[in-house]
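The values are calculated or read from the model by the stated rules, or taken from the named source; none is laboratory data. Source: prediction; values computed, not measured. Positions of Cβ are backbone-derived with ideal geometry, glycine not excepted, and every protein chain shown enters the neighbour counts. SASA here: full protein model, heavy atoms, side chains in, ligands and nucleic acids out. Shrake-Rupley method; radii C 1.70, N 1.55, O 1.52, S 1.80 Å.
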Amino acid sequence: MSSRTQLHALAPLAVLVLLAAAAPLLAGAQPASPDPAADACANPSADGACHDIPKALRLKLIAIPTILVSSVIGVCLPLFSRSVPALRPDRNLFVIVKAFASGVILATGYMHVLPDSFNNLTSPCLPKKPWGDFSFTAFVAMLAALFTLMVDSLMLTFYNRKRSGNTSGRRAGAAVTDHESPAHGHWHGHGHGHGHGHGDIVAAESAAVAKPEDDDEASKVQLRRNRVVVQVLEMGIIVHSVVIGLGMGASQSVCTIRPLVAAMCFHQLFEGMGLGGCILQAEYGARMKAGLVFFFSTTTPFGIALGLALTKVYRENSPTALVVVGLLNAASAGLLHYMALVELLAADFMGPRLQGSVRLQLLSFAAVLLGAGGMSVMAKWA
């Protein structure tokens with residue numbers, strides 16, 4: 001992949017980070033209201049002993065490098081697994097670990113992101129009409145899943161057409177070369193009796209050559225699909241990471257931040273393992289891998305730092321903040337649901353490798369349940 005193509009692939013990720021970062025600026029534009037209830041929502045009262053600004057600041061400063069390191073370790077572990085024979089992509093253990101990571105991503109969407117969106121868009125700080133009369137969270141999540149399907153399909157079509165356009169010229173050249181080859185000339189120079197036997201030999205040789213080419217083309221199509229999966233999955237993870245980091249950075253509650261730091265470290269570690277496994281299968285070059293690792297690892301610390309910088313502006317219970325963050329969470333949840341179920345779990349479990357081994361299927365199912373169960377328990381704190 002050329003450096004220009006890599007920059008084009010990373011550009012949407014940078015745009016998503018900027019859009020998610022714009023949420024607090026929109027939230028800060030909320031006008032003051034004389035209604036006491038509205039003031040309580042826009043500027044919630046201190047929650048007793050838990051409200052400690054100096055301690056909260058120390059915890060946030062600890063959280064930034066800790067979460068950064070956990071993210072880097074999680075996403076890089078699969079990338080270095082080629083040096084461990086048991087964790088190579090062609091081994092069964094890699095399939096089981098990937099199933100565990102896919103369960104983590106699935107639970108992230110269902111147990112972390114989607115409930116947050118429901119809480120945001122059904123908050124009493126929002127007017128009952130229209131937010132209380134319609135399930136915007138489910139609707140936006142559904143649209144996001146369908147939009148992800150459309151993007152997934154169109155990107156794959158674009159890659160396939162681009163690839164077929166490049167290979168058509170080479171195939172035409174190969175056909176001309178074959179037509180002018182000595183073997184082809186020898187075919188015309190012989191009589192029908194000898195020519196027929198030689199033709200059979202040439203046909204057999206052509207069939208033997210065509211099969212590896214077909215297998216090679218199929219592997220290239222799968223590789224392009226893996227690259228689409230990585231890019232779309234990273235988009236959903238980036239939105240969620242910036243939003244949750246922003247909430248942590250703006251909070252002044254020690255009781256909220258302390259368990260959230262530990263939970264977010266485990267969350268980023270396991271989620272990074274899922275993304276890292278997908279990056280490994282995409283077989284990107286070093287520059288593209290570094291870009292994907294950078295975006296995943298830095299978005300949550302970036303969100304925390306942004307929340308710290310905008311603590312006096314950003315109010316997480318203001319109507320604008322609730323709507324913007326709630327809609328972003330809903331879209332991220334729909335994207336993660338689609339990617340985890342369709343592109344990761346269904347693609348593996350319906351594939352020939354797992355279909356050919358009941359034992360490997362059962363082990364992979366257990367790994368999915370373990371990953372999803374662990375992340376579901378973490379939802380109590382994060």
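A few comments on the model shown:
- Å² per residue, accessible surface of the stretch 66-124 at 1.4 Å: 45
- Stokes-Einstein D in µm²/s, Kirkwood radius over Cα pairs - the stretch 230-320 at 20 °C with 1.002 mPa s viscosity: 151
- Theoretical FRET efficiency, 1/(1+(r/R0)^6), r = Cβ-Cβ of L93 and V313, R0 56 Å, to 0.05: 0.70
- A simple rule links phi to the HN-Hα coupling: the Karplus curve 6.51 cos²θ - 1.76 cosθ + 1.60 with θ = phi - 60°, which for the stretch 271-280 gives 5, x, 5, x, 5, x, x, 5, 5, 4 Hz, with x for Gly and Pro.
- Label-point separation, A138 to I73 (7 Å along Cα→Cβ), nm: 4.0
- Length gained when the stretch A286-R82 is fully extended (0.36 nm per residue, less Cα-Cα span): 72.0 nm
- For a straight C-alpha distance cut-off of 18 angstrom, the lysines reachable from K60 (same-chain residues fewer than eight places away being disregarded) are K312.
- Stretch gain in nm, segment S219-R58, where the contour uses 0.36 nm per residue and the Cα spacing is subtracted: 53.0 nm
- Of K98/K289; K55/K129; K98/K380, those spanning more than 29 Å from alpha-carbon to alpha-carbon: K55/K129
- Ranked packing of 82-95, 259-272, most packed first, by mean Cβ within 10 Å: 259-272, 82-95
- Share of carbon and sulfur in the accessible heavy-atom surface of the stretch 45-135 [1.4 Å probe, %]: 70
- Dividing the C-alpha radius of gyration of the stretch 274-375 by 2.2 N^0.38 Å, with N its residue count, gives 1.46.
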